[in-house]
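One structure is given below, encoded as structure tokens.
The values are calculated or read from the model by the stated rules, or taken from the named source; none is laboratory data. Remember, predicted model here, so these are calculated numbers, not experimental data. When we count neighbours, we look across all protein chains shown, and the Cβ atoms used for this are built from the backbone with ideal geometry, even at glycine. Each accessible area value is taken on the protein alone, full model and side chains, heavy atoms only, with ligands, DNA and RNA left out. Shrake-Rupley method; radii C 1.70, N 1.55, O 1.52, S 1.80 Å.
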Amino acid sequence: MDETHVFDGGCTCGAVRYRLSSKPLFVHCCHCRWCQRETGSSFALNAMIEADRVQVLSGQVDRVLTPSNSGRGQTICRCPSCHVAVWSHYAGAGEAVSFVRVGTLDEPDRLPPDVHIFTMSKQPWVLLPPGTPAVHEYYKASELWPPESLARRAALMSKAATKPA
């Protein structure tokens with residue numbers, strides 16, 4: 001394992017500890033009103049990564065099904081003690097991709113956003129950094145993701161297509 005691409009994290013109370021075994025596919029900074037309400041903050045910062053690359057080192061998570069703006073819901077994985085959300089699974093990607101809350105990493109500064117999404121509803125006092133793509137709503141992965149991440153996504157989709165129903 002390449003130690004430069006290992007990221008450890010956990011909840012506030014320390015009951016849940018986890019490790020990302022590679023760099024994420026992509027990091028979203030979402031400014032939609034739904035994320036603002038859900039997090040109680042001005043945005044959500046999520047590192048998208050294959051679920052099998054998220055290793056629980058200690059503890060376990062409670063899986064909480066919550067509504068989502070898409071109407072298909074999301075599963076938020078939370079510490080059963082302090083209730084901090086450590087990652088989610090959205091209906092579009094299903095259980096194959098974890099959206100890890102970057103703020104729960106031991107070194108969150110190692111994963112700045114690759115893109116700012118839903119900037120149409122960002123708080124007006126949030127200033128976006130020059131040089132980081134920012135889109136009004138959403139984008140096409142084929143236009144922004146690095147080739148390695150696109151290949152990993154294709155492998156995930158191929159795996160899902162061959163899985164028995």
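Taken over the range 44-70, the residue count meeting the criterion of being modelled with pLDDT of 95 or more and not aliphatic (A, V, I, L, M) is 10. Could you please give the count of residues in the range 19-47 that are farther than 25 Å from L150 by Cβ and either β-branched (V, I, T) or touching a residue at least 24 places away in the same chain (Cβ under 8 Å) (or both)? Final tally of qualifying residues: 6.
Taken together, the residues in the range 71-112 that are modelled with pLDDT under 95, polar (S, T, N, Q) and open to solvent by 20 Å² or more (accessible area, probe 1.4 Å) amount to 1. What are the pairs with Cβ atoms under 7 angstrom where one residue, in the range 135-147, is free of Cβ contacts under 8 Å to residues at least 40 places away in the same chain and the other, located anywhere, is in a loop (DSSP other than H, G, I, E, B)? Sequence gap at least six, or different chains. As it stands, the answer is E137/F118, since those pairs meet every condition given. Against the test of being more than 15 Å from the chain's Cα centre (by Cα), assigned to a strand (DSSP E or B), over 25 Å from M157 (Cα atoms) and not hydroxyl-bearing (S, T, Y), the options L57, L65 yield a single qualifying residue, L57.
Residue count for the range 36-54 satisfying the condition of being part of a strand (DSSP E or B) and either touching a helix residue (DSSP H, G or I) at 6+ places or on another chain (Cβ under 8 Å) or open to solvent by 60 Å² or more (accessible area, probe 1.4 Å) (or both): 5.
Taking the range 16-35 as the range and being assigned to a helix (DSSP H, G or I) and open to solvent by 20 Å² or more (accessible area, probe 1.4 Å) as the test, the residues that pass are R33, W34. One residue alone among V115, V126, V135 is open to solvent by less than 50 Å² (accessible area, probe 1.4 Å), more than 17 Å from the chain's Cα centre (by Cα), aliphatic (A, V, I, L, M) and within 20 Å of L25 (Cβ to Cβ), and that residue is V135.
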